[in-house]
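**Q** First the structure, which I've put down as structure tokens, then a few questions once you've had a look.
The values are calculated or read from the model by the stated rules, or taken from the named source; none is laboratory data. These figures come from a predicted structure and were not determined experimentally. All Cβ positions, even for glycine, are placed from backbone atoms using ideal geometry, and neighbour counts span all protein chains on display.
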Amino acid sequence: MNYKKYIAVLLCGILVSGCTKNDASVPQEESAKAEKETILDDVIEATPAPADTLDGMHQSMKDADCMLGTLFFGFSAEWDYASAMNMLEDNIFSDSFPFLKEIDEDHFVNAGGYMLYLVVPETDADMTIYSIDENQEHVEELYKNNDGKPVLLVCNEMDDADIEVNVTNADKSVIFYPLVGDDFRSVLIPDQGVLDFSKTAYYSEAGLQDSLDYMREELRIEDSLLGASFLGYVEKASSADIKALLESNYMGMFYPFIYSVETANYIDAGGYEVYLLVPVSDDTTIAINKIDADKNVLEVLHRDEYGTPVVLVCNVDETPNTVVELTEGERTVTFYPMLNSANGALYLPNGGGVSDYTFSAGSDENAFFLQACFDTLYYDVPEVQDAVADGLTVEYFDETAVIEDMDCIVFELGTYEGETFKSEKAYAVTSDSMIVYRLAEDGSYTKILDKNE
């Protein structure tokens, strides 16, 4: 089944490091110490440390010479104090900043919109929150206090800031317009005065494990033993080149556990294509063998009985040079990592068992919204789940529509005949991922899901 997977809210975890028999993991000239490294240190270098107390967060702000701390939690079609606190009750943010669960309703500001932020002023500073117009002129004062306590702030429908946060003390001030970054894991902040804590939770031990667990939950739903993603190309299979590819890859924004894959689990089969391979559980055995053009096994490259994710470099042409075998209990799945040049997806086994996450490796800044729409279509519409279970595929061909004055993303449901996709049904999902329509060939439509009701 070929569909796209990644969600930006509440993901993250540290990998379980298994015993690996591995003769081809990294180039021999690299030291044994280097083989145990990950790229986490590089990725989180500028990320503030978790804080058990508000005083700890204030200290991090002081150390960075910042008057304001911020954090982006996620987005929803509707927010109120109860739903915001419910989200904070048990997730990676509360693990990294447990005091956030103590925010009271007097420190909840709902300016309307979809985005939920945290804003934390320094102690003994006045913080004022204004609604603003398109020219950034003040419209209304929504909040003012100098108690230094964190405030949950709902604002922004999407692209433009409709809120100004102004923090002032006796000596200086900072103005902040809350906007989420393209990765949906960070906040766009001014050059000075504001410290972004957003990624702290994602790169914590609990956060990294959470993103791995999330992918594995998806794999269980799809009855797959493996999640596979084409990440890109490297000229040579050095750890440095693979690390650089992982750091720049869009998938890491949504599944940051890939940053914690040890270099000992970078498998070099010879070639230029780079794949991420994630077994469904710690009880899944993964074996990677080098093969010839007739698919005869030439060499055992890697075997691991603990479901440890790996990064595989393989393929010098359009013929696969490796075979991946997954075993869990009495079930076995065989997979030949290779790209379909016609659509950029992976060739998957006819009998299922492998989920394609290749879309996650894209760089489209709108991918988050597209993924949210897909998740609504697949997870919330039973007829689509049933069709996929029967062998059909959901595809997106860069089509949109306007239905009932709402922008929609159009998905096709069908099958491939060779390299040609034959569509059987079409669906439109509103850009806020709340409503799904079934489309007819005559241009009519039927609403089949409305999360607002």
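**Q** Considering (1) out of contact with any strand residue (DSSP E or B) (no Cβ under 6 Å at 6 or more places or on another chain); (2) over 23 Å from PRO98 (Cβ atoms), say which one GLU164 fails and leave the rest.
**A** (1)
**Q** If you take the residues in segment 49-59 that are touching a Phe, Trp or Tyr at 6+ places or on another chain (Cβ under 8 Å) and surrounded by fewer than 23 Cβ atoms within 10 Å (Cβ to Cβ), which one is nearest to ALA206 (Cα to Cα)? Spell out the reasoning first.
**A** Going through segment 49-59, the residues touching a Phe, Trp or Tyr at 6+ places or on another chain (Cβ under 8 Å) turn out to be 50-54, 57.
Narrowing further to those that are surrounded by fewer than 23 Cβ atoms within 10 Å (Cβ to Cβ): 50-54.
Details: PRO50: 11, ALA51: 14, ASP52: 14, THR53: 18, LEU54: 20 Å.
Here the residue is PRO50.
**Q** Is there a residue in segment 303-315 that is in a loop (DSSP other than H, G, I, E, B) and free of Cβ contacts under 8 Å to residues at least 60 places away in the same chain? Please lay out each step first, then the result.
**A** Taking segment 303-315 as the starting set, the residues that turn out to be in a loop (DSSP other than H, G, I, E, B) are 305-309.
Narrowing the set further to residues that are free of Cβ contacts under 8 Å to residues at least 60 places away in the same chain leaves none.
Checked against the condition, which is being in a loop (DSSP other than H, G, I, E, B) and free of Cβ contacts under 8 Å to residues at least 60 places away in the same chain, segment 303-315 yields no hits at all.
**Q** Counting only residues that are out of contact with any strand residue (DSSP E or B) (no Cβ under 8 Å at 6 or more places or on another chain) and either within 24 Å of ASN452 (Cα to Cα) or crowded, with 17+ Cβ neighbours inside 10 Å (or both), how many does segment 387-431 have?
**A** Number satisfying all stated conditions: 2.
**Q** Considering SER239, SER281, which residue is touching a strand residue (DSSP E or B) at 6+ places or on another chain (Cβ under 8 Å), surrounded by fewer than 18 Cβ atoms within 10 Å (Cβ to Cβ) and hydroxyl-bearing (Ser, Thr, Tyr)?
**A** That would be SER281, the only listed residue that is touching a strand residue (DSSP E or B) at 6+ places or on another chain (Cβ under 8 Å), surrounded by fewer than 18 Cβ atoms within 10 Å (Cβ to Cβ) and hydroxyl-bearing (Ser, Thr, Tyr).
**Q** Of all residues being in contact with a strand residue (DSSP E or B) (Cβ under 6 Å, 6 or more places away or on another chain) and modelled with pLDDT of 90 or more in segment 188-221, which is surrounded by the fewest Cβ atoms within 10 Å (Cβ to Cβ)? Just the residue, please.
**A** So, considering only residues that are in contact with a strand residue (DSSP E or B) (Cβ under 6 Å, 6 or more places away or on another chain) and modelled with pLDDT of 90 or more, the one surrounded by the fewest Cβ atoms within 10 Å (Cβ to Cβ) is GLY193.
**Q** Do you know which residues across segment 133-164 are loosely packed, with under 15 Cβ neighbours inside 10 Å, touching a helix residue (DSSP H, G or I) at 6+ places or on another chain (Cβ under 9 Å) and farther than 25 Å from ASP407 by Cβ? Break it down stepwise before answering.
**A** First pass over segment 133-164, keeping only residues loosely packed, with under 15 Cβ neighbours inside 10 Å: 133-141, 144, 147, 157-160.
Now restrict to residues that are touching a helix residue (DSSP H, G or I) at 6+ places or on another chain (Cβ under 9 Å): 147, 158.
Once the filter is applied, which keeps residues that are loosely packed, with under 15 Cβ neighbours inside 10 Å, touching a helix residue (DSSP H, G or I) at 6+ places or on another chain (Cβ under 9 Å) and farther than 25 Å from ASP407 by Cβ, segment 133-164 yields only ASP147.
**Q** Here's another thing I want to ask about it. Could you list all residues from segment 79-120 that are of a type in the set (Ser, Thr, Tyr) and buried (at least 20 other Cβ atoms within 10 Å of the Cβ)?
**A** Matches in segment 79-120: SER96, TYR117.
**Q** Out of VAL139, VAL151, I need the residue that is within 22 Å of GLU78 (Cα to Cα) and in the same structural domain as ASP80 (by TED's automatic domain parsing). Which one? I'd like the intermediate steps shown before the answer.
**A** Values: VAL139 fails: within 22 Å of GLU78 (Cα to Cα).
Matching residue, one of VAL139, VAL151: VAL151.
**Q** In segment 269-306, what residues are basic (Lys, Arg) and under 30 Å from the mean Cα position of the chain (by Cα)?
**A** ARG303
**Q** Does ASP95 qualify as being more than 28 Å from ASN452 (Cα to Cα) and either in contact with a Phe, Trp or Tyr (Cβ under 9 Å, 6 or more places away or on another chain) or free of Cβ contacts under 8 Å to residues at least 24 places away in the same chain (or both)? It would help to see each step written out before you state the result.
**A** Values: more than 28 Å from ASN452 (Cα to Cα): yes; either in contact with a Phe, Trp or Tyr (Cβ under 9 Å, 6 or more places away or on another chain) or free of Cβ contacts under 8 Å to residues at least 24 places away in the same chain (or both): no.
Here the answer is no, as ASP95 does not meet what is asked.
**Q** Suppose we keep only residues that are among the small types (Gly, Ala, Ser) and either over 20 Å from GLU235 (Cα atoms) or part of a loop (DSSP other than H, G, I, E, B) (or both) within segment 261-302. Which one would you say is modelled with the lowest pLDDT?
**A** Of the residues in segment 261-302, the ones among the small types (Gly, Ala, Ser) are 264, 269-271, 281, 287, 293.
From the residues that got through so far, the ones that are either over 20 Å from GLU235 (Cα atoms) or part of a loop (DSSP other than H, G, I, E, B) (or both) too are 281, 287, 293.
Working: SER281: 96, ALA287: 97, ALA293: 93.
Checked segment 261-302; the qualifying residue modelled with the lowest pLDDT is ALA293.
**Q** Conditions first: (1) buried (at least 17 other Cβ atoms within 10 Å of the Cβ); (2) not in a helix (DSSP H, G or I). ILE258 passes all but one, so which condition is the exception?
**A** (2)
**Q** Identify the single condition in (1) within 27 Å of TYR347 (Cα to Cα); (2) over 23 Å from the mean Cα position of the chain (by Cα); (3) not acidic (Asp, Glu); (4) not in a strand (DSSP E or B) that TYR379 does not satisfy, given that it satisfies every other one.
**A** Only one criterion in (1) within 27 Å of TYR347 (Cα to Cα); (2) over 23 Å from the mean Cα position of the chain (by Cα); (3) not acidic (Asp, Glu); (4) not in a strand (DSSP E or B) is unmet by TYR379, namely (2).
**Q** Which residue, of ASP162, ASP191, is within 31 Å of the chain's Cα centre (by Cα), of a type in the set (Asp, Glu) and within 24 Å of THR47 (Cα to Cα)?
**A** ASP191
**Q** Please go through segment 398-426 and give me each residue that is over 17 Å from ARG438 (Cβ atoms) and part of a strand (DSSP E or B), ordered by number. Walk me through how you get there before you give the answer.
**A** Applying the first criterion (over 17 Å from ARG438 (Cβ atoms)) to segment 398-426 yields 398, 405, 407, 415-422.
Across segment 398-426, the qualifying residues are ASP398, ASP407, THR415, TYR416, GLU417, THR420, PHE421, LYS422.
**Q** Just checking, does segment 244-252 include any residue being in a strand (DSSP E or B), over 18 Å from VAL333 (Cβ atoms) and not aliphatic (A, V, I, L, M)?
**A** Checked segment 244-252: no residue is in a strand (DSSP E or B), over 18 Å from VAL333 (Cβ atoms) and not aliphatic (A, V, I, L, M).
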